[in-house]
Amino acid sequence: MPSPPQAPTLAQHAIRVRVYYEDTDTGGVVYYANYLKFFERCRTELLRARGVAQDALLQTGVGFVVRRAEVEYHVGARLDDELLITAEIVRMGGASAWFVQRATRDDTLMASAKVQIACIDITRGRPIPMPDAIAAAFHFNVDE
């Protein structure tokens, strides 16, 4: 008997980021706000990997904003470290998505975050339901 199809799972993505001089403070440690930039890049690359170009979205009047971000700093990354930045969607709403994100060096957790993004009409600056194509991009089948 064939097994039933797997249920869709929320999307995950990872990128590698090198810590450059511009990312650090005077002590050679990553400036705390730059982790938010690393996390943003990973969310953008998740969309890109799923076939969603943010510039094309903007042309249709749809954009994303961060509604909430809770960041915890564990160990300071340093100049020239290579970090693995991950983004995992853990919850979807009609107009928003919640991510758990991590920055690690080897097996060491450097920073972690819970980030909520909202889908908005960029001309009005108001939340709108997430377009079907975006909601579909945030899911994938385990078989993929």
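The values are calculated or read from the model by the stated rules, or taken from the named source; none is laboratory data. Bear in mind that the values here come from a model prediction, so they are computed numbers and not experimental data. Heads up, the Cβs are rebuilt from the backbone with ideal geometry, glycines too, and the neighbour counts pull from every protein chain shown. Just the protein is used for accessible areas: all its heavy atoms, side chains included, with ligands, DNA and RNA removed. Shrake-Rupley method; radii C 1.70, N 1.55, O 1.52, S 1.80 Å.
Roughly to the nearest percent, how much of the accessible area of the chain is carbon and sulfur, given a 1.4 Å probe? Here carbon and sulfur together make up 51 percent of the probe-accessible area. Over all directions, the projected convex hull of the C-alpha atoms in the chain averages 10.5 nm² in area.
Here the spin labels are modelled as points 7 Å beyond Cα on the Cα-Cβ line, and at residue 75 and residue 50 they lie 3.1 nm apart. A dipole drawn for the chain from +1 and -1 charges on Cβ atoms has a positive end, and of 109, 130, 77 the residue lying farthest that way is 130.
Here the stretch 5-117 is assigned +1 on the Cβ of each Lys and Arg and -1 on the Cβ of each Asp and Glu. Its dipole about the Cα centre then comes out at about 460 debye. Ordering 57, 46 by accessible surface, largest first, gives 57, 46; the 1.4 Å probe counts only protein heavy atoms, with every chain in place. Could you work out how far helix 34-49 tilts from the main Cα principal axis of the chain, as a 0 to 90 degree angle to the nearest 10? Here the helix axis deviates by roughly 30 degrees.
Secondary-structure-derived ellipticity at 222 nm for the chain, considering helices only, amounts to -5500 deg cm²/dmol, per-run term -39500 (n - 2.57) for DSSP H runs with n ≥ 4.
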